[in-house]
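One structure is given below, encoded as structure tokens.
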Amino acid sequence: MRFVATADWQLGMTAHYLGDEARPRFAQARIDAIRSIGRVAAERGAELVLVCGDVFESNQLDRAVVARTFDALRDVTVPVWLLPGNHDPLDAASIYRSREFVDGCPAHVHVLDRPGVHVVSEGVEIVAAPWFSKAPLSDLVADALAGVEPDAGVVRIVAGHGTVLGIDRTDPAGISEDALSAAITAGRAQFAVLGDRHSTTEVGPRIWYPGAPEVTSRREDDPGNVLVVDVDHDTVSVDTVPVGTWTYAHHQAELTSEADVDELERWLAHLPAKDRTAVWLSLTGVLSIGEKARLDTVLDASRDLFALVDLWERRSDLVVTPADGEFGDLGLAGFARDAVDDLTLRLEGDDAQAARDALGLLYRFSRGGAA
């Protein structure tokens, strides 16, 4: 059988690091990803879509998020199965039990609300391991598989959420890769889809993290995908299909001259889809006040175009120091000249950074903001 595997939609994610103008676009992209997943399912002839955990960012969301989710899900033409994860567990405040969800859920959308076997169609079963709290005390996947025996007439898919023990051995709810692999080898299940890791990752030949369909963090290696899986008792084929429209980029550059600043400007200019791209810069090197002013102008112009352009302070070490005669070339006199002299004296003091920033602003203003 063929199905689409996905996870970690995190609908309603705030993305607080983005500005007020970019956040609504980011939220809409996560809703749009549902329709993209539906198109993949239709085009590839999938029997169902399986979402393995963290469908929603939390159990406390504006009702509009749920309404928009259902509106998008109505465009998906195959059954959709949702697994509660650590962000949206089936606890007392579960979003899956809210009035908005129960009353509005489309008929072809199903919640895997109990552990164990769910019959989804003739000859196809899902072995589900839903979360009922944010801190389970056991391997929920192993618990769900307990008592499940091989059946030659059924294809079983394990739906789990959490950390494989090889990644984090301190989590009591971690998933044992060895136990899961052994269950698949024994024929108790034929494939496992796991959520929680947002990068598309093959844990083993029949164990995969599909990753998040839209990027959520700059630390993710390969987000923005879903999996199209063909599986039976003998063979398995996994195809990674990109659906994401947002890009998070981390760029490192050493700046020691205006030419280096120009090269950074060209790199930013060539990035596509700027309104859906967030960039974190790690900058090192030594610049003069004028060169730093030129850098600030480049960054300000880029921030008008990109969803985010941010200097990653913890990974940057950019030293700014006045070059000989660079303020003399501006022809400053009177109060402005006195301000430059005073700020220059402060470059070796406790408020050196503030002095550098002030000199940079003064330089840019003196050059008409076009430095």
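A few points about this structure:
- Residue in region 94-107 that is of a type in the set (Val, Ile, Thr) and either touching a Gly at 6+ places or on another chain (Cβ under 8 Å) or more than 22 Å from Leu11 (Cβ to Cβ) (or both) present: no
- Region 52-75 - residue that is assigned to a helix (DSSP H, G or I) and touching an Asp or Glu at 6+ places or on another chain (Cβ under 6 Å) and, of those, least open to solvent (accessible area, probe 1.4 Å): Val66
- Odd one out for Val78, checked against (1) open to solvent by less than 70 Å² (accessible area, probe 1.4 Å); (2) more than 30 Å from Val279 (Cα to Cα); (3) in a helix (DSSP H, G or I); (4) touching a helix residue (DSSP H, G or I) at 6+ places or on another chain (Cβ under 9 Å): (3)
- Taken over region 92-103, the criterion of being outside any helix (DSSP H, G or I) and surrounded by fewer than 16 Cβ atoms within 10 Å (Cβ to Cβ) is satisfied by Ala92, Ala93.
- Condition met for Pro150 (open to solvent by less than 30 Å² (accessible area, probe 1.4 Å) and not β-branched (Val, Ile, Thr)): no
- Restricting region 225-257 to residues that are within 30 Å of Val158 (Cβ to Cβ), among the hydroxyl-bearing types (Ser, Thr, Tyr) and outside any strand (DSSP E or B), the residue that is nearest to the chain's Cα centre (by Cα) is Thr245.
- The set of residues in region 205-224 being at pLDDT below 95 and within 10 Å of the chain's Cα centre (by Cα) consists of Thr216, Ser217, Arg218, Arg219, Glu220, Asp221, Asp222, Pro223.
- Against the conditions (1) open to solvent by 20 Å² or more (accessible area, probe 1.4 Å); (2) outside any strand (DSSP E or B), Pro106 satisfies every one except (1).
- Candidate set from region 101-147 (those that are of a type in the set (Asp, Glu) and within 26 Å of the chain's Cα centre (by Cα)); member that is nearest to Gly174 (Cα to Cα): Asp139
- Of the residues making up region 197-224, those that are over 11 Å from Val238 (Cβ atoms), out of contact with any helix residue (DSSP H, G or I) (no Cβ under 8 Å at 6 or more places or on another chain) and buried (at least 21 other Cβ atoms within 10 Å of the Cβ) are Arg197, His198, Tyr209, Gly211, Ala212, Val215, Thr216, Pro223, Gly224.
- Unique match (being assigned to a strand (DSSP E or B), at pLDDT 95 or above and of a type in the set (A, V, I, L, M)) among Leu268, Leu299, Leu283: Leu283
- Failed item in (1) modelled with pLDDT of 60 or more; (2) within 26 Å of Leu264 (Cα to Cα), with Arg346 passing the rest: (2)
- Ile207 vs. criteria out of contact with any Cys (no Cβ under 8 Å at 6 or more places or on another chain), in contact (Cβ under 8 Å) with a residue 60 or more places away in the chain and over 30 Å from Asp20 (Cβ atoms): no
- Among the conditions (1) surrounded by fewer than 19 Cβ atoms within 10 Å (Cβ to Cβ); (2) over 30 Å from the mean Cα position of the chain (by Cα); (3) closer than 24 Å to Arg314 by Cβ; (4) aliphatic (A, V, I, L, M), the only one that Leu287 does not satisfy is (1).
- Looking only at region 225-255, residues that are in contact with a Lys or Arg (Cβ under 6 Å, 6 or more places away or on another chain), open to solvent by less than 60 Å² (accessible area, probe 1.4 Å) and not acidic (Asp, Glu) come to 4 in all.
- Verdict on Val261 being open to solvent by less than 20 Å² (accessible area, probe 1.4 Å), within 20 Å of the chain's Cα centre (by Cα) and β-branched (Val, Ile, Thr): no
- In region 1-33, the residues that are surrounded by 15 or more Cβ atoms within 10 Å (Cβ to Cβ), of a type in the set (Val, Ile, Thr) and outside any helix (DSSP H, G or I): Val4, Thr6
- Residue satisfying condition, being over 26 Å from Arg25 (Cβ atoms) and in contact with a Ser or Thr (Cβ under 8 Å, 6 or more places away or on another chain), within set Asp196, Asp171, Asp221: Asp171
- Residue pairs whose Cβ atoms lie under 6 Å apart, sitting 6 or more positions apart in sequence or on different chains, and linking a residue in region 84-109 that is under 26 Å from Val141 (Cα atoms) to a partner that is in a helix (DSSP H, G or I) and among the aromatic types (Phe, Trp, Tyr), are Ile95/Phe101.
- Some residue of region 29-39 being at pLDDT 95 or above and in contact with a Pro (Cβ under 6 Å, 6 or more places away or on another chain): yes
The values are calculated or read from the model by the stated rules, or taken from the named source; none is laboratory data. Quantities reported herein were computed from a predicted structural model and do not represent experimental measurements. Virtual Cβ from ideal backbone geometry, glycine too; neighbours counted across all protein chains shown. The accessibility values were calculated without ligands, DNA or RNA, using every heavy atom of the protein model including side chains. Shrake-Rupley method; radii C 1.70, N 1.55, O 1.52, S 1.80 Å.
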